[in-house]
Amino acid sequence: MTPPLAPVVRTVNLEKIYQNGGVPVPAVRGVDLQIEEGEFVAIMGPSGSGKSTLIHMLGGLDARTNGEIWLDGRRVDTLSESAWAVLRRKKVGFVFQFFNLVANMTVADNVELPALLTGASAKEARARREELLDALNLTDRADAAPGHLSGGEQQRVALARALANQPRLLLADEPTGNLDSRNTRDVLRLLGRVHAKGQTIALVTHDARVAGMADRVISLLDGQIVDDADVAPARRRPRGGTTGDVIELRG
Ligand code: ADP
């Protein structure tokens, strides 16, 4: 019998305690979490409950204080910052609330950058960029500077960039938090489509519409998981095969 696939994410008794002028501030307190391949998990909870800290730790952007983090069967909480940087480029796509695009690079260059950083040839990076911008209806904005784009367009570019390396895990911290409802709808549609293609997603949101698209909603309170609920088991995809193929996003 083949052994079961390792979950994409596994945390064991994960803790983060910030030091605020010598005063310990517990932000995440003993989180045990498992996210399987192809799952779309929404993390909700009041402000200050530890959502951002948790998602940042999963992406290696914040170091844990105690506990374990495993990605794809590999323990990662013990990695150095530089090892994390390499792993993140290859395995994790991150979308933030405020886009975080490189302002003095074109849209095209922003989307190509992750592939170039992981050693793809210029030709491969360009092909991937063209495919993503086309799929996200951004081809005519390729030569624009991010500052000349609307918020919704910038967030679509950020999503394209996060998907450029076909990450095992897409993490997002309030990806629609700064968008009006029309742009929120666009970003949600894209998330829905990549999820339908098998992309594993974990995101922080306050927005019930975003959470409504997830397979699972995890509620945090004071740094602890207080609820972990399957939303719509009937909609659940069969397990298996993140292809990373987003060519057919439209339609
Ligand atoms: P949420 O995303 O749910 O709003 P956060 O993860 O941002 O929650 O914060 C959780 C707790 O950790 C809060 O009490 C917050 O004040 C504290 N915190 C977050 N970042 C820092 C930091 N860099 N230094 C000190 N305390 C922090």
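For the reader, a short list of remarks on this structure follows.
- The residue that is surrounded by the most Cβ atoms within 10 Å (Cβ to Cβ), counting only those in segment 19-29 that are without any contact (Cβ under 8 Å) to a residue 12 or more places away in the chain and near the ligand (Cβ under 10 Å from one of its atoms), is Val25.
- Top-ranked residue in segment 119-141 [being under 20 Å from Arg193 (Cβ atoms) and touching a helix residue (DSSP H, G or I) at 6+ places or on another chain (Cβ under 7 Å); ranked as surrounded by the fewest Cβ atoms within 10 Å (Cβ to Cβ)]: Thr139
- If you go through segment 1-15 and keep only what is assigned to a strand (DSSP E or B) and within 17 Å of Leu71 (Cβ to Cβ), you end up with Val9, Arg10, Thr11, Val12, Asn13, Leu14.
- Pick from segment 125-158, criterion in a helix (DSSP H, G or I) and among the aliphatic types (A, V, I, L, M), ranking: modelled with the lowest pLDDT: Ala135
- Checking Arg209, Arg185, Arg193 one by one, the residue that is in a helix (DSSP H, G or I), loosely packed, with under 15 Cβ neighbours inside 10 Å and at pLDDT 85 or above is Arg209 and no other.
- Strands (runs of 3 or more DSSP E) wholly inside segment 30-111 containing at least 3 residues that are within 16 Å of the ligand (Cβ to nearest atom), at pLDDT 95 or above and of a type in the set (Lys, Arg): none
The values are calculated or read from the model by the stated rules, or taken from the named source; none is laboratory data. Model, not experiment: these values are computed from the prediction. Because the Cβ atoms are built from the backbone with ideal geometry, glycine has one as well, and the counts that use them run over all protein chains shown.
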